[in-house]
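Below you'll find the structure, written out as structure tokens, and then a few comments.
Nothing in this text is a laboratory measurement; each read-out follows from the coordinates by a stated rule. It should be emphasised that the depicted structure is a prediction, and the values quoted were computed from it without experimental measurement. Positions of Cβ are generated from backbone atoms using ideal geometry, with glycine treated the same way; all protein chains shown enter the neighbour counts.
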Amino acid sequence: MMSKDFIVAIELGSSKMTGIAGKKNLDGSIQVLACVKEDSTSCIRKGVVYNIDKTAQCLTTIVNKLQKQLKTTITQVYVGVGGQSIRSIRNVITKEQSVETPVTQDMVIELMDANRNMKYPDQEILDAAVQEYKVDSQYQLEPVGIPCTRIEGNFLNILQRKAFYKNLNSCFEAANITVAEMYLAPLALADSVLTETERRSGCVLVDLGADTTTVSVYSKNILRHLAVIPLGSNNITKDIASLQMEESDAERMKLKYGSAYTDNNEIDNNLKYSIDNERQVEARKFIEIVEGRLEEIVANVWCQVPEEYADKLLGGIILTGGGSNMTNIEKAFQNYTHVDKIRIAKFVTQTITSNINEINAHDGMMNTVLGLMAKGDINCAGDEYDPNGDLFAGQRVSTLDGATEQRRPRQPNEIPAGVVRTADEIRRAEQEARIKKEAEERAAREKAEEEAREAARIKKENSFWNKAGRWLKKAATEIVKEEE
């Protein structure tokens with residue numbers, strides 16, 4: 001019997017779908033218990049789901065294999081959201097006040113809600129990072145309690161195409177897999193590979209993937225820009241394949257001979273690289289193809305760095321992902337960006353123990369999924385696994401401290417940074433909001449009806465005939481008294 005207390009995280013990559021299970025120890029370290037990979041090239045393109053059925057099958061396979069290794073059912077999983085079309089856009093929400101009044105927490109929540117309710121054509125707001133608040137003419141991170149007549153909230157909204165977001169949710173529903181939490185993969189990665197000094201002093205995190213390259217810019221511990229470039233190491237492979245060879249041969253040559261930078265004086269014009277036993281390619285031509293595509297990727301990365309931060313990157317550039325393993329990758333970035341401080345994040349900052357080769361390789365390829373697992377705080381373990389029974393038989397949800405409740409639907413102002421609400425959570429939140437609104441409307445109607453009845457009663461009492469009737473009744477009473 002394996003551990004009954006573990007967290008499961010799944011990363012949907014363009015070339016591989018990865019699932020891992022790990023146990024958090026009391027000292028803060030994480031022990032990885034199981035790791036499974038499945039080829040995802042037939043269902044995921046540039047980091048997004050385009051074939052829901054095949055992705056669901058792939059997810060089911062991963063969960064099933066993990067359960068067999070763990071000998072325990074999996075009740076839910078943590079998922080990373082990334083890939084093509086994710087981008088950030090700045091937004092400003094302003095609130096004017098007629099008289100100078102101290103900023104309250106309710107005012108701040110009102111600004112956050114107004115920002116979250118912004119509508120972008122065909123785009124879904126995945127997360128909203130607070131940049132700062134402008135209180136009159138002063139910028140503040142914590143505005144509550146400061147008197148002002150005008151408060152301005154500056155936000156960085158992170159968007160994704162609604163179709164991609166819908167597909168991601170649909171494939172988990174089709175696979176009948178419960179999502180414990182969705183996280184923005186680039187933010188989970190940043191939290192696991194960047195140091196506090198780098199985030200505070202200003203840095204650029206570059207995740208060099210197979211089909212995409214993700215760029216995250218930080219300054220003063222705040223995410224300032226996020227973008228996903230639809231270029232990755234597979235583009236280099238395809239360019240090499242243009243030299244009349246299969247992509248499998250091109251990938252092998254890239255891994256064996258590829259270099260992000262080669263000094264021109266060191267290139268032997270007579271040297272040739274072997275494609276197979278019969279064919280060869282000129283070294284110079286091969287080098288030019290690899291460097292040409294690499295330079296395009298680096299140029300696109302540097303274009304994503306906002307001008308106001310480009311000369312303030314005291315933390316430098318941090319490279320990670322499979323593409324960061326290419327020889328001389330630091331030199332290629334230094335030559336183009338003129339940033340001398342380049343670091344390759346081969347592994348996460350958390351203490352990880354495991355006897356699994358993929359985890360211990362420390363090649364940057366597992367950093368995102370490890371970062372997702374580190375975010376987990378709900379136990380994903382269920383009952384003992386029966387390989388002949390239902391895949392999710394006996395599901396239960398329990399937190400690591402023993403509680404047995406699922407998270408209630410959260411309002412936009414309650415969502416932690418980096419967390420993406422699932423479609424189910426949005427539906428439950430909308431249902432709660434609808435019930436609350438209906439109750440408020442019903443209470444308002446009842447109050448209005450009561451006020452109308454009271455107004456009618458008062459009007460009736462004050463009418464001419466009512467007053468005349470009361471006067472006649474009073475007069476008659478007095479006459480009777482006099483006769484007695």
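Between helix 464-483 and the chain there is an angle of about 30 degrees, using the helix long axis and the longest principal axis of the Cα atoms.
Evaluated over the Cα positions of the chain, the convex hull gives a direction-averaged projected area, one quarter of its surface, of 37.5 nm².
The three principal axes of the Cα atoms in the stretch 72-127 give end-to-end lengths of 60, 31, 14 Å, sorted in falling order. Here the chain carries DSSP beta bridges of which approximately 80% are antiparallel, counting only pairs with both residues inside.
Put the Cα centre of the stretch 116-131 next to the Cα centre of the stretch 360-387 and the gap is 28 Å. One equal scatterer on each Cα of the stretch 134-274, no solvent, Debye formula: the resulting log10 I(q)/I(0) at q = 0.09, 0.10, 0.14, 0.17 Å⁻¹ is -0.53, -0.63, -0.97, -1.13. Only aspartates and glutamates eight or more places from LYS447 in sequence, or on another chain, were considered; those with a Cα closer than 16 Å are GLU438. With one equal scatterer per alpha carbon and no solvent term, the Debye-computed log10 I(q)/I(0) for the stretch 86-214 at 0.18 1/Å reads -1.11. When the Cα atoms of the stretch 144-196 are aligned to their principal axes, the ranges along those axes come out at 52, 30, 20 Å in descending order.
Convex hull of alpha carbon positions in the stretch 117-158: directionally averaged projected area 3.6 nm². Residue by residue, the stretch 43-58 carries 3J(HN,Hα) couplings of 9, 10, 10, 6, x, 10, 6, 10, 10, 5, 5, 5, 5, 4, 5, 5 Hz when phi is fed to the Karplus relation 6.51 cos²θ - 1.76 cosθ + 1.60 (θ = phi - 60°); x denotes Gly or Pro. For the stretch 343-351, 3J(HN,Hα) computed residue by residue from phi via the Karplus equation (6.51, -1.76, 1.60; θ = phi - 60°) reads 10, 9, 8, 6, 8, 6, 7, 5, 7 Hz, glycine and proline entered as x.
Helix 105-116 and the longest principal axis of the C-alpha atoms of the chain enclose an angle of approximately 60°.
In straight-distance terms, cross-link reach from LYS162 covers every one of the lysines whose alpha-carbon lies under 30 Å from its own, apart from those fewer than eight places away in the same chain; here that gives LYS16, LYS37, LYS46, LYS54, LYS95, LYS119, LYS238, LYS375, LYS436, LYS437.
In the calculated pair-distance distribution of the stretch 30-107, the portion above 14 angstrom amounts to 76 percent of the Cα-Cα pairs.
Proximity of backbone amide H atoms, modeled 1.01 Å from N, is registered between ILE344 and LEU319 at under 5 Å, excluding neighbours fewer than 5 places apart on the same chain.
In this structure the amide hydrogen of VAL81, modeled in the peptide plane, comes within under 5 Å of the amide hydrogens of TYR183, LEU184, ALA185, none closer than 5 places in sequence on its chain. Using just its DSSP H runs of length 4 or more, each adding -39500 (n - 2.57), the chain gives a mean residue ellipticity at 222 nm of -12000 deg cm²/dmol after division by all residues.
Calculated translational diffusion coefficient of the stretch 230-385 (25 °C, 0.890 mPa s; Stokes-Einstein with Kirkwood radius over alpha-carbon pairs) equals 136 µm²/s.
The Rg/Rh ratio of the stretch 182-238, with both radii computed over alpha carbons and Rh defined as the Kirkwood radius, is 1.03. Coupling constants for the stretch 322-335 follow from the phi torsions by the Karplus curve (6.51 cos²θ - 1.76 cosθ + 1.60, θ = phi - 60°), and in residue order they are x, x, 6, 7, 5, 4, 6, 5, 5, 4, 4, 6, 4, 4 Hz; glycine and proline get x. Packing, taken as the mean count of other beta carbons within 10 Å per residue, orders the peptides 416-425, 225-234 from highest to lowest as 225-234, 416-425. When the alpha carbon gyration tensor of the stretch 320-372 is reduced to an equivalent ellipsoid, the three semi-axes, largest first, read 25, 11, 8 Å. Less than 5 angstrom separates the built amide H of LYS220 from those of SER201, GLY202, all sequence-distant by 5 or more or on a different chain.
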